[in-house]
1. Which residues does a label at ARG197 reach in segment 246-276, if reach means a backbone N under 15 Å from a point 7 Å past the Cα toward the Cβ?
2. Tell me which residues come under 5 Å, amide H to amide H, from TRP166 once H is placed; ignore anything under 5 positions away on its chain.
3. Once you have the Cα-Cα distance between ASP310 and TRP149, take 0.36 nm times their residue separation minus that, and quote the gain in nm to one decimal.
4. Rounded, prolate or oblate for segment 163-237? Axes are the square roots of the Cα gyration tensor eigenvalues, ordered a ≥ b ≥ c, and the cut-off for rounded is a/c under 1.5.
5. So what J values fall out for segment 97-111 if you push phi through Karplus, 6.51 cos²θ - 1.76 cosθ + 1.60 with θ = phi - 60°, rounded to Hz, Gly and Pro as x?
6. Which order do MET318, MET195 take by accessible area at a 1.4 Å probe, largest first?
7. List every residue whose amide H lies under 5 Å from the amide H of ALA89, counting only residues 5 or more places away in sequence or on a different chain, with H placed 1.01 Å from N in the peptide plane.
8. Provide the gained length on full extension for the span THR250 to SER160, in nm with one decimal, where the gain is 0.36 nm per separating residue minus the Cα-Cα distance.
Amino acid sequence: MTAGGRSPFAAVAFALPALTLERAYRALARRINGAWPLRTINRRRLDRFHRANASAGGHFYVIVMPGTLHFLLPCLRLLPPQQTVHLVANGARAWERRLLSAAFPARRMARLSALPGSSLAHGDVVTLLLERNDAPFGLLDHDCYVFDWTCFEGAAPAASQCLTGWFRSVGRKSGLAYAETFFLILNAPLLRDIMRRHRVDARIYRTVPARLRALVASIGLRDGVVFKDHHDYLDTLHLLVALALAEGNTLGFRDSADGAIVHLGGTSSGAPETKDLLEQYLQLRFLELASDCGLRARYRRRFRTFASADDVRARIAMTPAAFARVAAIDALVDRLRDA
C-alpha cells in the first residue's frame, strides 16, 4: 500500500483494519453461501434458468464476479455470436448486471444467491453447474480472451474423457498432465456419476477423504503430491479429475495457434489496494480501455491514489521481468482495442 502512494500511518491505521474485516467477512460468508440453505436456493434458480434457456449441451458459462467488468466486457465482445454463452452472476452488483444485460441482450444471465457483499467459492459454482447439467458444457474465465473462433469447433469430450482443455500443464512431482480451468469443456454426465458414487464435488480439497486415498494414490497422488507443484492441496475440480483418471478415463486436449487464447488470471481475487504495482497497472490499463464512463467512475474509486496507468508505470522498478510484464499488458490491451 505504501508503494501505491499511501502513507504508512494511513495504511496501518485505516486501510489494513478495513481490509482485514472485509476479508474475514467474505471468508465467513463463503462458508455460509456454500451451505445447504443457499445451495438449495441456487439449485432451484439454475433449474428455472435452464427451463427458460434450454440447451442440449455445448454451451459455455462465464461466471461474473463483482468488480471485474473491465476485464469481462472485452472477453464477451470477442466471442462468436453463434456460440451459446450463459452468464452466471456470482455476487455481481445490480448495476453490473444491468450494464451487462444492456450491452449483451442475447447472453442470458442466471443470478446466484449469496450474502450481501460476497460470492460463492468457484468450486461451489462449478459443482452447482455440474449438478444441473445433463450434457457437456464449457467454462470460460472472465479474463480469458479467445481471438480465434475455430477454438470452439468440435471440442466436445469423448465419452471416456472427463474434460477437454485448451491449456495443458504437467506436474513435475506427479508427472501427470492436467488442464488449466480457465477454458475447458466438462463431461458433465461422467463427472456427475463420479460425484454421486464417491460423494465428492468440484471444490478445493485440502486433504483427500480417507475412503478415497488408496484410489487417488494409485495414479501417484500421495504423500502431499498433487497436480500443481506450487500447491499443497487439490485445486478446483482436481479431486474429480484424479478419480476419473484412477478409473481409467482420460483428459482431452485441443491445440490452438500461438496467441489464439490469452489468459490473465487472478483478476478477481484480493483487494486492489493490496496488489503490487504491476497488478495495479494491469487493472488501470483495462479500466482505461473500458468505454463506459459510469463503469470507469465506479471502479476508479479503488485506485484513487493513482492519476492514471502511466502514473503507476512511472513507479515500477523496470527490472527485465517487470519490463516484459508491462510490455505484455500493453500488447494485449492494444490487441483488444483493435479487435
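1. Within reach of a label on ARG197: 246-250.
2. So TRP166 has HN proximity to PHE183, ARG254.
3. Going from the current span to full extension adds 54.7 nm.
4. Here segment 163-237 falls in the oblate category.
5. Each residue of segment 97-111 in turn: 5, 5, 4, 5, 5, 6, 6, 9, x, 7, 8, 6, 10, 9, 10 Hz.
6. These residues rank, largest area first, as MET318, MET195.
7. VAL64, ALA110, ARG111, LEU112
8. 31.8 nm
The values are calculated or read from the model by the stated rules, or taken from the named source; none is laboratory data. Treat the numbers as computed from the prediction; the structure is a model and nothing was measured. Backbone-built Cβ (ideal geometry, glycine too); neighbour counts: all protein chains shown. With ligands, DNA and RNA removed, areas are computed over all heavy atoms of the protein, side chains included. Shrake-Rupley method; radii C 1.70, N 1.55, O 1.52, S 1.80 Å.
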